[in-house]
Amino acid sequence: MSYKKLEGTTWTPGGEFIKIDPEICTGCKDCVKVCPGGVISMVNEKAKATKYENCCECASCWFVCTIGAIRFSWPKGGTGRKYRWG
């Protein structure tokens with residue numbers, strides 16, 4: 001997996017900390033709509049986390065999924081984007 005460098009940020013890869021079960025996902029797109037980083041895309045009419053490097057670890061996708069298709073975890077010590085400007 002390659003991660004894009006954005007000015008003012010650093011990225012620490014943390015694995016797949018957003019897991020979406022395609023068997024449970026109904027394709028409602030709520031998680032896609034609420035994600036501020038555009039991490040989740042629709043693939044074969046199901047949600048799939050595809051751009052982990054854009055995740056700001058807000059867990060909005062997890063909170064908005066009322067059917068429980070999304071599992072989100074904050075890895076010990078944190079991971080993801082760290083912002084230089086607070």
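Every number here is computed from the coordinates shown, using simple stated rules; none is lab data. Remember, it's a predicted structure, so these values are computed and weren't measured experimentally. Ideal geometry is used to build each Cβ from the backbone, glycine not excepted, and the neighbour counts take in all protein chains shown.
Given a cut-off of 20 Å, what percent of all Cα-Cα pairs of the stretch 14-75 lie beyond it? Percent of Cα pairs beyond 20 Å in the stretch 14-75: 12.
With 0.36 nm allotted per residue and the present C-alpha distance subtracted, the ILE24-GLU57 stretch has 9.7 nm of extension available.
Suppose every Lys and Arg Cβ carries +1 and every Asp and Glu Cβ carries -1, with no other charges. What dipole size does the stretch 14-75 come out with about its Cα centre, to the nearest 20 debye?
100
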